[in-house]
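A.B. asks: The structure is given below, and queries will be raised subsequently.
The values are calculated or read from the model by the stated rules, or taken from the named source; none is laboratory data. All values reported here derive from a predicted model rather than from experimental measurement. We place every Cβ from the backbone using ideal geometry, glycine too, and count neighbours over all the protein chains shown.
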Amino acid sequence: MNESYEAVASFAQTWGLVYFVVLFAGVVAYALWPRNAKRFDDAAQIPLRED
């Protein structure tokens, strides 16, 4: 049972790290994509608007 646990833990640690690195890269790419700049600039100005 101990060998099985170690194999599953090793698999989860390795592929979990890969999953989160890919997810992080996707979020950064989305945030820095030039097409999204206007949307984020508009959202940044919301607190400064006079309604």
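A.B. asks: Filter the range 1-48 down to residues that are assigned to a loop (DSSP other than H, G, I, E, B) and not aromatic (Phe, Trp, Tyr) and give me whichever is modelled with the highest pLDDT.
C.D. replies: Here the residue is Gln45.
A.B. asks: Still on this structure, I have one more. Considering only the range 1-36, state which residues are surrounded by fewer than 10 Cβ atoms within 10 Å (Cβ to Cβ) and hydroxyl-bearing (Ser, Thr, Tyr).
C.D. replies: Of everything in the range 1-36, those that are surrounded by fewer than 10 Cβ atoms within 10 Å (Cβ to Cβ) and hydroxyl-bearing (Ser, Thr, Tyr) turn out to be Ser4, Tyr5.
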